[in-house]
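The values are calculated or read from the model by the stated rules, or taken from the named source; none is laboratory data. Remember, it's a predicted structure, so these values are computed and weren't measured experimentally. Here the Cβ positions follow ideal geometry from the backbone for every residue, glycine too, while neighbour counts run over all protein chains shown. Remember, those area values only see protein heavy atoms, side chains included, never the ligands or the DNA or RNA. Shrake-Rupley method; radii C 1.70, N 1.55, O 1.52, S 1.80 Å.
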Amino acid sequence: MFHQIWQLCYTSFMEKNDIVYGVHAVTEALIANTGNKLYIQDDLRGKNVEKIKDLAADKKVSISWTPKKTLQEMTEGAVHQGFVLRVSEFAYTDLNEILTQVANQDNPLLLILDGLTDPHNLGSILRTADATQVAGVIIPKHRAVGVTPVVAKTSTGAVEHVPIARVTNLSQTLDKLKEAGFWIFGTDMNGTPSHKWNTSGKLALIIGNEGKGISTNIKKQVDEMITIPMQGHVQSLNASVAAAILMYEVFRNKL
C-alpha cells in the first residue's frame, strides 16, 4: 500500500513538473524545441491559437484539443490561457559552460540565488535577468526552488534564454568564481549604496532567501555588501524586486 501511494505521488509530481502553460511560456518552449505534446483548449479561438498551432506543426509537435476542465486539472487550477505543453525535463546549463561563455565578455554579471523558495520570485528574476542581459543564474540543488511550470509561466519564457546552472555546493561555487576573476557581492541592510557600487569587471551578485537573507557561511565569502537606499516605513524589499533594482544598476552602467 505504501509503495502504491508513493508511486501515485511520484507520478503526480512528475506530471506536474513536465509541463509549461500560458501563451508566452508555451511559445518560447516550442521555439526552443523542448515541446513533446501540445494541449489546446477545444473551444478556444483567435490569433494566438493559429500562431501556436502553426508553430507546433512546424516543430512537429502533436496537438490535442482538450476541454478546459482537463487543462485546469493538469495545471492544478493555474492560469493556463488555454495552452498546456508537455516538455522534456528542463536542461540546466553546466557551470563550466557558463564560465566559458563569459570568459571574453565585458563586465558580465552572474546572479546567485541563495535558497530562494518562491517560484514566482525565481520566474520574475529570470524575466528581469533576460531584459538586463545577465550572463547566467546559479541556484542550489537543495532547499531551493528549481525550474517548475510556475517559474516558466512567471518568466514569460525567459527560462529558454537565460543560462541556469544548478550546483550542489554554493560555497565551492563561489571559490570557483573567484578563481575565474569574479568579485562577489551580497545584499544587506548595511553596505555600499547601490548607486555608488563600482560595477566594472566580472560581477557575481548573491540574492538571499526571502526571509533569512544570505546564509551566514556564504556571507564570509562576499567581497562587498550592497544596500538599496530606502526611506519608507518598510525596511526590506521582495527578493525579486531587490534583484531587479540591482540588475538594472549594472545594466545602466553598461549603456
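For the pair residue 168 and residue 18, a Förster radius of 25 Å applied to the C-beta separation gives a FRET efficiency near 0.65, rounded to the nearest 0.05. With a 1.4 Å probe and every protein chain kept in, tell me what percent of the accessible surface of the chain is carbon plus sulfur. Here carbon and sulfur together make up 50 percent of the probe-accessible area. For the chain, the residue among 32, 226, 77 whose Cα projects farthest onto the positive side of the dipole built from Cβ charges is 77. Modelled spin labels at residue 176 and residue 91, positioned 7 Å past Cα toward Cβ, are 1.9 nm from each other. Take each peptide in 93-103, 206-216, 230-240, 148-158, count the other Cβ atoms within 10 Å of every residue, and average; sorted highest first, the result is 148-158, 206-216, 93-103, 230-240. Straightening the chain between residue 76 and residue 219 buys 47.7 nm, computed as 0.36 nm per residue apart minus the Cα-Cα spacing.
Toward the positive end of the charge dipole of the range 95-254, with +1 on the Cβ of Lys and Arg and -1 on the Cβ of Asp and Glu, the farthest Cα among 107, 200, 245 is that of 245. The range 136-200 and the range 41-78 have their alpha-carbon centroids 33 Å apart. The dipole here belongs to the chain: it is taken about the Cα centre, uses +1 on the Cβ of Lys and Arg and -1 on the Cβ of Asp and Glu, and is about 180 debye. Which net charge results when you count Lys and Arg as +1 and Asp and Glu as -1 among the other residues whose beta-carbon is under 10 Å from that of residue 182? With Lys, Arg at +1 and Asp, Glu at -1, the neighbours total +1. Convex hull volume per residue, computed on the Cα atoms of the chain, equals 170 Å³.
Note on residue 233 and residue 212: with the Förster distance fixed at 30 Å, the Cβ-Cβ geometry gives a FRET efficiency of about 0.85.
Per-residue 3J(HN,Hα) values for the range 247-255, derived from phi via the Karplus relation 6.51 cos²θ - 1.76 cosθ + 1.60 with θ = phi - 60°, read 4, 6, 5, 5, 4, 4, 6, 8, 6 Hz in sequence order (x marks Gly and Pro).
Residues in the range 65-176 average 44 Å² of solvent-accessible surface per residue, probe 1.4 Å, ligands and nucleic acids excluded. Using R0 = 22 Å, the C-beta based FRET efficiency linking residue 105 and residue 196 works out to 0.40.
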